[in-house]
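*Asks:* Before I ask anything, here is the structure I am working with.
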Amino acid sequence: MNRIAIKMLTGDRAKYFGILVGLTFSSLLITMQISVFAGIMSRTFGFITDIGLPQIWVMDPKVQFIDDVKPMQDTELYRVRSVGGVAWAEPLYKGILKVRLQNGNFQSCNVLGLDDTTLIGGPSRMIEGNLSSLRRADAVIVDEVGAKGKLAHTMTVNGQNVSIPLKIGDSIEINDHRAIVVGICKVSRTFQSQPVIYTTYSRATTFAPRERKLLSFILATPKPGENLNEVCQRITRVTGLLAVSSYGFKYRTLMYFLTSTGLPINFGIAVFFSFMVGTIISGMTFYNFTMENMRYFGTLKAMGAKNRLLLRMIAIEALLVGLISYCMGVGGAAFVGFIFRNTEMAFLLLPHTLIVIAVVVTSICILTSSLCIYQVMKLEPAIVFKT
Amino acid sequence: MEKIENNRIAVSCSGVTKTYGKGETAVQALRGIDLVVPRGKLTMLVGPSGCGKTTLISVIAGILYHDQGQCIVFDENLKGLSEEDRTDFRAYNIGFVFQAFNLLPTLDIKENVAIPLLIRGICRKAAFETAAVILEQVGLKERMHSLPAQLSGGQQQRVAIARSLVHNPRLIVCDEPTSSLDHETGQKIMVLLRQVALSQDCALIVVTHDARIFGFADYIAQMDDGHIISVDSPDKMKEKV
């Protein structure tokens, strides 16, 4: 009877597609919303992901997230290096500085200053040039998206604006200081979508406006055999600074955005309405489909079909619709994400999202089919003799 | 009505009552029905609209509980059966033919006919093979892959008859089987129904308004206002008229 159930469902093409469209649309919208939300959230800690080598981040105890820089004195670096179990510790400058473009406009950029000797914290993927070129005078490395976008030269040719990407050898002006592009790198997109500029720590501190404290973070790693969490706790105890693992800092940053911004509630509302739209459209169509088939369910009942057989038939119909809609919705969202993968669109389809969508689609199917099952269960087979 | 041997009795109703609703809006559809339906014979239930014909076949077919009295079908007291057992009883013993055919529109003819067997859990292959044999008997073997909507009314009713016979039921109940058909087709359907059903020694109960098919009956039970007022052969009934 399983095939009979499927044919009953798919035989009426209009209704079948109506149910599919409702549920697919719902799962597509929810997948998109959750994936875009995950994408935006992953951008909040993109810097931490890109700076992969150090396992420990040391900072002012009041820092809440990666962009919430509370500078420390340079001497804190030596205190961290002196803590037992620390293999090495290097400084990192992170600040937002204004870059003057050739057309006279200013563009705020994230400037990262890496340790002059080791260049620890540098970009992991160079597209042009190499990291060691930072040791040259006035050298900076610019991220690819910034070089092609917000930092690109614009000029008018035959009345049309033409954008020429920043390339190696070009010079830019950072806070009234000359800088020469020596490399183009690829980095994770940032939450604020500002261009990222890498340079050395000492040069970054000359670019930056004069302040007594300029050390943003200390990047460290425990000695082999040392427990990461214990070393973090030791640094905190000895120096009074906050020391967390890379994962812990990502989590801290993520939690800040989740708890202190309106992002979750806004996305949550969109997800909720997508769920409601899916439930209502699919529910109504599935309910109408069942009600229109009530005579035939009655006929089956009269001919000896037990309630559990009819329940199984409806469950199979709901399962089929749910499965197809889930695949089409998630597949559609993944396709959109793939098409816009190199744009500003933040899209991150996590395995967790797939599970969440499966649960949501299943819930919609259970909700809608429960109503239908209830109607079929209480159906009197004597209905078959009514014309 | 002539005396029927005990082992030839398919249905025996005595004092069957059925009331719909409660209080002032209650409608007493059956008011003490006494009826015996023999095997291998065609019994017609006739009477004006609202006299209780459909209620009576619903009770006999085990799809409606009666209030009082006894309705014994093939030695089973239907009132004593649980809902589950009644469903099983119907699956194995009763075939249905409806006025509106009630063929599932999205299934082809063969699948429609095979449904009673599939409900009983018989495998698809065997069910379809049996359905094909029955469809041959009703002259529709060539149309077994057609959808109901592609058939005429008469052909659809033949499919419905095939469906009612496919699981070898002992009782077939037909509700107005010819009322949606023209006279000629109605006559052909009754010939077919009688020939196929009675050859399997089924008891056949036909509810009808259609006086043109009275001649196919072995017995005609006339109902009025929830009572059986007479049970006669068609000839005797004609004499009375």
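*Asks:* Here's a check for you: in region A:275-320, which residue that is under 13 Å from A:S26 (Cβ atoms) and surrounded by 24 or more Cβ atoms within 10 Å (Cβ to Cβ) is nearest to the other protein chains (Cβ to nearest Cβ)? Don't jump to the end; show me each part of the working.
*Replies:* First pass over region A:275-320, keeping only residues under 13 Å from A:S26 (Cβ atoms): A:275-286.
The next check asks that each one be surrounded by 24 or more Cβ atoms within 10 Å (Cβ to Cβ); those that pass are A:278, A:282, A:286.
Numbers: A:G278: 25, A:S282: 19, A:F286: 15 Å.
The extreme case among them is A:F286.
*Asks:* For A:I19, state whether it is buried (at least 16 other Cβ atoms within 10 Å of the Cβ), more than 14 Å from every other protein chain (Cβ to nearest Cβ), over 30 Å from the mean Cα position of the chain (by Cα) and modelled with pLDDT under 90. So that I can check it myself, show each step before the final result.
*Replies:* On the way: buried (at least 16 other Cβ atoms within 10 Å of the Cβ): yes; more than 14 Å from every other protein chain (Cβ to nearest Cβ): yes; over 30 Å from the mean Cα position of the chain (by Cα): yes; modelled with pLDDT under 90: yes.
The answer is yes for A:I19.
*Asks:* Suppose we filter A:F37, A:F25 for residues that are assigned by TED's automatic domain parsing to the domain that holds A:M328, surrounded by fewer than 20 Cβ atoms within 10 Å (Cβ to Cβ), in contact with a helix residue (DSSP H, G or I) (Cβ under 7 Å, 6 or more places away or on another chain) and not charged (D, E, K, R); which single one remains? Show your work before the answer.
*Replies:* Working: A:F37 fails: surrounded by fewer than 20 Cβ atoms within 10 Å (Cβ to Cβ).
Sole residue among the options that is assigned by TED's automatic domain parsing to the domain that holds A:M328, surrounded by fewer than 20 Cβ atoms within 10 Å (Cβ to Cβ), in contact with a helix residue (DSSP H, G or I) (Cβ under 7 Å, 6 or more places away or on another chain) and not charged (D, E, K, R): A:F25.
Results for (1) closer than 18 Å to A:N293 by Cα; (2) part of a helix (DSSP H, G or I), shown as yes or no for each residue.
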{"position": "B:A100", "(1), (2)": "yes, no"}
{"position": "B:P105", "(1), (2)": "yes, no"}
{"position": "B:K110", "(1), (2)": "no, yes"}
{"position": "B:I115", "(1), (2)": "yes, yes"}
{"position": "B:G121", "(1), (2)": "no, no"}
{"position": "B:E129", "(1), (2)": "no, yes"}
{"position": "B:E136", "(1), (2)": "no, yes"}
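*Asks:* Condition (residue is in a helix (DSSP H, G or I), surrounded by fewer than 16 Cβ atoms within 10 Å (Cβ to Cβ) and within 14 Å of chain B (Cβ to nearest Cβ)) applied to region A:368-380: is it met by at least one residue?
*Replies:* yes
*Asks:* Now for a separate question. Which residues, taken from region A:207-217, are more than 17 Å from A:L119 (Cα to Cα) and not small (G, A, S)? Let's see the steps before the verdict.
*Replies:* Restricting attention to region A:207-217, the residues satisfying the condition of being more than 17 Å from A:L119 (Cα to Cα) are A:207-214.
Scanning region A:207-217 gives A:F207, A:P209, A:R210, A:E211, A:R212, A:K213, A:L214.
*Asks:* Being under 17 Å from B:Q99 (Cα atoms) and surrounded by 17 or more Cβ atoms within 10 Å (Cβ to Cβ) is the filter here, so list the residues in region B:195-215 that pass it. Reasoning before the result, please.
*Replies:* Let us first name the residues in region B:195-215 that are under 17 Å from B:Q99 (Cα atoms), namely B:204-214.
Across region B:195-215, the qualifying residues are B:L204, B:I205, B:V206, B:V207, B:T208, B:D210, B:I213.
*Asks:* Would you confirm whether any residue within region B:109-121 is touching a residue at least 40 places away in the same chain (Cβ under 8 Å), of a type in the set (A, V, I, L, M, F, W, C), at the interface with chain A (Cβ under 10 Å from one of its Cβ atoms) and at positive phi?
*Replies:* no
*Asks:* Going through region A:58-109 one residue at a time, which ones are among the charged types (D, E, K, R) and in a loop (DSSP other than H, G, I, E, B)?
*Replies:* Residues of region A:58-109 among the charged types (D, E, K, R): A:60, A:62, A:67-68, A:70, A:74, A:76, A:79, A:81, A:90, A:94, A:98, A:100.
Passing the criteria: A:D60, A:K62, A:D67, A:D68, A:K70, A:D74.
The values are calculated or read from the model by the stated rules, or taken from the named source; none is laboratory data. Computed from a predicted structure; not experimentally measured. Glycine gets a Cβ as well: all are built from the backbone with ideal geometry, and neighbour counts include every protein chain shown.
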